[in-house]
Amino acid sequence: MALTGRLALLALVGAGLVAVLPSWTTLVAVDALLLLAVGVDLALAGSPRALGVARSGDTAVRLGEPAQVTLTLTNPGPRRAHGRLRDAWSPSAGAAEQRHRLDVPAGERRRVTTVLRPTRRGDRRADRVTVRTLGPLGLAARQGSHAVPWTVRVLPPFTSRKHLPSKLARLRDLDGRTPVLVRGAGTEFDSLREYVPGDDVRSIDWRATARAADVMVRTWRPERDRHVLLVLDTGRTAAGRVGDAPRLDAALDAALLLAALASRAGDRVDLLAHDRVQRAAVQGASATELLPALVNAMAPLEAALVEPDWSAIAAQVLRRAPRRSLVVLLTALDPAPLELGLLPVLPLLTTRHQVVLASVGDPRVAELAAGRGEAAAVFGAAAAETVRLARARVGAELRRGGVEVVEGTPADLPPRLADTYLALKAAGRL
Amino acid sequence: MSAPAGVAEARTSTALEPTAAQRMRGLRRPALVVGLLVVVAVVLAALRSGTVRGYLDPDAATPSGARALRVLLEDRGVEVVRTRTSADATARATGGRTLLVATSWLLTSAQVEELAAARADLVLVEPTPDLLAALAPGIEPAEPVTVRPRDPACTLRAATRAGRAETGGGTFTVTGPAAASAQRCYADSGRAAVVSLTSADGRTTTVLGSGAALTNDRLAREGNAALTLNLLGAQDELVWYLPTVELSAEGEGTGLRALLPGWVWLVAVQLAVTVLLVALWRGRRLGPVVVEPLPVVVRAAETTEGRGRLYQRAGARDRAAAALRAASLERLRPVVGHGRGTDPDAVVAAVAARTGRPAVDVAALLYGAAPTDDAALVRLADDLDTLERTVRRP
């Protein structure tokens, strides 16, 4: 049950009436009348309980884009359901207008649409739908809630997809689909063809030339059907906020760009998200299904405040990548956790796979390192330099162990990682 | 690359509205809480109502009350009658009794006039000028003095038997025909703190400048008890008049209710109903507040900043300088063509050759002693920057 401002206003008018006709009789009569009106209103209001509420609409949306979820209200009762309705969502679902007017005549149905602009990645759930139906006098209302479960999955925004066209152009250059044919643009033998002026003389295949009537050259193409395994560290270092978003979000962005590029290059891409336990995995998705499968798996990922278990991760990687693969570890280049966790198990990975470690760097550290002018700023700069030196040391150690290390700010990392991938592919190191 | 947005079919609902029985069950707890509150309020009110407080109140056991004095008087066979209205006080104050008037600043002029009809002996404690003029003509107030023990220095029997007592406060002078017979006691440079007059019909009027001697707090000091007992216990009955604010000067049909027209109360009731309805209208929410767990947010550079502040607090200029120098060297070495782990002398020589600076200066900058104060550290950072710039663009 709920009351309205109109009832309070009537009570105020009643106070005026009592002032004009001052007697207990007037007072009791006014209030009895109000009580009677409320009773009538409640009796004649449409039942919120009987109202049928159904939901339909978007179940997935990319972060930053709007989603629409529609409520269909069916009024099976004999009276018109008229009043207000609240379609409650969790705050980060970003529902602009949760409260709606409600007016469903008896036996009919109406639609109400809530527009969501989620502010955070992950699964955003609808809370209850609360209906308040007013009586014909508009003095009192009946109120009830319905549980109409709905989940909108908010996918990573993939802001780095703007880099994709330029990287794909580079890939086509490598692929030999352009007229340029240079040795070194791949290691996989493609075919023999006749020499044309302009070809690199080093690519002449003398043995084939001897058999044929003409000078033959070998053509090469980059390897295809390689295996790329993206490993996301969702441990405590991924929780750190860089700029406005957690480090994990930047890592997801880089992983998506690399996955998009690699799947276009004809490689198979798998994903593993792991801290102490496996958080998400995508395996064996076909090229067309890959990106939807990846963003879907990534959407609910949250960084956990635990130390990642690198030996478990290494075991998972070995199980998922039986033959030589490109293993991309997306983590933070923090000396302590890497030296204690990753370095001991690294030889297991590097002997069988090409390992790339991609780390989201913090521009704030560079900002601190440039601090000059007063003691506090210089001490900050010294601390930042200490951190950078330690990172450089662990980076050098990783490189000695045969790992490619890529570091960049959230904006720089995705294209840099893509470049590293292309360079590895060009060098035939996959 | 289009967003893999999904659309799903309608799902139906379940009503969450509780049934009447569930509602009643839900009300049980609030009802219990309200009941408990009422019980606590009643108990507290019952406990508090027993306490009487107030200045010179014969029932108050607080430091400023006068219960001790009353009990002592009753022990000595004096009947103490307490009254709160001027009419009652005047009616009781017949001959052969003593009328004590305290806190007279609460009296209205009409009440003062009424008291002038009293025929009893009078003891006026801290009287106002109006009261003095009406009840003790001839006694006039003078400048006040501090309350402290004084000697009586007069022939008033009550005072001489009591000896030293804490008196003071208001003082009085006596003028007119009464001046000759007046007893001026506890005087301080000619102004008496206690003055006693005996009128032609044998009534005595005693005026006290301060009620301090009567209070529970001070009764036991010096001769306070003796003085006050003698003054108040002179007759068998004592009327203790402690004025209260009497709203109706006429002393009939008192109270706020009588002053307001009847309809105001009715309107007030209806307005209370209105306020209740407004509260119910605004208080009912359209569904509960929705909560959600939020992810942990820690700035990634927080530890680095913290380390900088720790350096500063500990005054670790040596470590800070070493870090800055190591970072500079890391950047300089590749430029001058040396690798990691090169002999410092070779690096210094190469940098010196490239910049044209003396090798000693470069060595002092890159491998010198730790700076001795913060200003030197700031200078070192700037010098390293300058050196790096010149190495890059010699």
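The values are calculated or read from the model by the stated rules, or taken from the named source; none is laboratory data. A quick note: this is a predicted structure, and the numbers were derived from the prediction, not measured. Cβ atoms come from the backbone with ideal geometry, glycine included; neighbour counts cover every protein chain shown.
Quick notes
- Output for segment A:142-177, where each listed residue is farther than 26 Å from A:Arg264 by Cα and surrounded by fewer than 17 Cβ atoms within 10 Å (Cβ to Cβ): A:Ala147, A:Pro149, A:Thr151
- B:Val275 vs. criteria assigned to a helix (DSSP H, G or I), more than 10 Å from every other protein chain (Cβ to nearest Cβ), surrounded by fewer than 15 Cβ atoms within 10 Å (Cβ to Cβ) and among the β-branched types (Val, Ile, Thr): no
- For segment A:108-141, filtering for residues that are surrounded by fewer than 23 Cβ atoms within 10 Å (Cβ to Cβ) and under 26 Å from A:Ala37 (Cα atoms) leaves 3.
- Of all residues in segment A:239-262, those that are within 11 Å of chain B (Cβ to nearest Cβ), of a type outside the set (A, V, I, L, M, F, W, C) and in a helix (DSSP H, G or I) total 2.
- Number of the condition not met by B:Leu56 [criteria: (1) part of a loop (DSSP other than H, G, I, E, B); (2) in contact with a strand residue (DSSP E or B) (Cβ under 8 Å, 6 or more places away or on another chain); (3) on the phi < 0 side of the Ramachandran plot]: (3)
- Listed by first and then second residue, the pairs linking a residue in segment B:120-143 that is without any contact (Cβ under 8 Å) to a residue 24 or more places away in the chain to a residue that is charged (D, E, K, R) and surrounded by fewer than 22 Cβ atoms within 10 Å (Cβ to Cβ), with Cβ atoms under 9 Å apart and 6 or more places separating them unless they lie on different chains, are B:Pro129/B:Glu140; B:Ala133/B:Glu140; B:Ala134/B:Glu113.
- Residue in segment B:316-336 that is assigned to a loop (DSSP other than H, G, I, E, B) and more than 19 Å from A:Thr386 (Cβ to Cβ) present: no
- Of the residues making up segment A:28-37, one or more are within 7 Å of chain B (Cβ to nearest Cβ), in contact with a helix residue (DSSP H, G or I) (Cβ under 7 Å, 6 or more places away or on another chain) and surrounded by fewer than 20 Cβ atoms within 10 Å (Cβ to Cβ).
- Only one of A:Arg264, A:Arg324, A:Arg372 that is surrounded by fewer than 19 Cβ atoms within 10 Å (Cβ to Cβ), among the basic types (Lys, Arg) and touching a His at 6+ places or on another chain (Cβ under 9 Å): A:Arg324
- From B:Gly35, B:Gly26, residue being in a helix (DSSP H, G or I), in contact with a Pro (Cβ under 8 Å, 6 or more places away or on another chain) and farther than 22 Å from B:Ser210 by Cα: B:Gly26
- Residue-level analysis places A:Leu424 among those that are surrounded by fewer than 24 Cβ atoms within 10 Å (Cβ to Cβ), closer than 23 Å to A:Ala250 by Cβ and more than 14 Å from every other protein chain (Cβ to nearest Cβ).
- Considering residues of segment B:297-346 that are under 21 Å from A:Gly361 (Cβ atoms) and hydroxyl-bearing (Ser, Thr, Tyr) only, the residue nearest to the other protein chains (Cβ to nearest Cβ): B:Thr304
- For segment A:189-204, residues that are surrounded by 13 or more Cβ atoms within 10 Å (Cβ to Cβ) and modelled with pLDDT under 70 total 1.
- Condition check for A:Leu271: within 26 Å of A:Val345 (Cα to Cα) and buried (at least 22 other Cβ atoms within 10 Å of the Cβ): yes
- Per-region count, segment A:291-320, residues more than 11 Å from chain B (Cβ to nearest Cβ) and hydrophobic (A, V, I, L, M, F, W, C): 10
- Residue list for segment A:227-246, filter: under 22 Å from A:Pro292 (Cα atoms) and touching a Ser or Thr at 6+ places or on another chain (Cβ under 9 Å): A:His227, A:Val228, A:Leu229, A:Val231, A:Leu232, A:Asp233
- Close contacts from segment B:285-296, counting a first residue that is more than 8 Å from chain A (Cβ to nearest Cβ) and under 16 Å from A:Ala126 (Cβ atoms) and a second that is surrounded by 10 or more Cβ atoms within 10 Å (Cβ to Cβ) and at pLDDT 90 or above, with Cβ to Cβ under 6 Å and a gap of 6+ residues or different chains, come to none at all.
- Against the numbered list (1) among the aliphatic types (A, V, I, L, M); (2) surrounded by fewer than 21 Cβ atoms within 10 Å (Cβ to Cβ); (3) more than 10 Å from chain B (Cβ to nearest Cβ), A:Leu102 comes up short only at (2).
- In the set B:Val147, B:Val194, only one residue is within 23 Å of B:Asp217 (Cα to Cα), crowded, with 20+ Cβ neighbours inside 10 Å and touching a residue at least 24 places away in the same chain (Cβ under 8 Å); that residue is B:Val194.
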